[in-house]
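One structure below.
The numbers here are math on the coordinates, done by the rules we state, and not lab data. Everything numeric here is computed off the predicted structure, so don't read it as measured data. Because the Cβ atoms are built from the backbone with ideal geometry, glycine has one as well, and the counts that use them run over all protein chains shown.
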Amino acid sequence: MREESRWILARKGDGYVALWSQRPYEWADGGDEVRTEVVVDGKSNIWITVCGRAATHGDFDAFCERIVASPIEVSGTGTRERVEIDTQPHGKVGFGWSGPLTVGGWKMPITSHSPGSPYPMVEGYRRYDNPYVAADFPANILRIRCNEQTLALNWRDQARSASSFL
């Protein structure tokens, strides 16, 4: 793992992940979350996550160099805030509180296809849909379960509860 220019970059085997924070972050320094949770002061922040792998991004050093050098643009304020990052090879990826998700200039629709887009249609898309959590838009409350462990995140009330911490 390494940290550079507001990026946290890590690898496991041939898989890579990068996490960027718009605001300065710090590692949790108390309780069960010591050095396992990143926190930011304030009620709003933009987070960017980029995933990669050796087969498509080269070695970990090359991945880190590419990601840290990727231009990030944040525009607008409040509900008009939007972020764009250009990590290549797909061109800029942009998203915000309002307006579409875009990849390489193409709108990525939630339920319909953009004519001429080289990207597949996303049909019946849910905000989260995996073996641990399923939630539609807006996902104000998430109930995550793995075996007997549970985590509830209530974004509206800014509360969380867990059966235990690892």
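Debye calculation, C-alpha points only, no solvent: report log10 I(q)/I(0) for the range 26-91 at q = 0.15, 0.18, 0.22 Å⁻¹, in the same order as the q values.
-0.72, -0.91, -1.02
Out of the range 1-39, which GluC sites (Glu not before Pro) are coil in DSSP terms and have no more than 16 other C-beta atoms within 10 Å?
Those that pass, being in a loop and sparsely packed, are 37.
Projected onto the charge dipole of the chain (+1 at Lys/Arg Cβ, -1 at Asp/Glu Cβ, origin at the Cα centre), which of 40, 108, 94 gives the Cα projection farthest towards the positive end?
Selected residue: 108.
Could you work out the mean projected area of the convex hull around the alpha carbons of the chain, in square nanometres to one decimal?
11.4 nm²
Name the long-range amide H neighbours of residue 128: under 5 Å, sequence gap of 5 or more, or other chain; modelled H, no Pro or chain starts.
Here the answer is 135, since their amide H atoms fall under 5 Å of that of residue 128.
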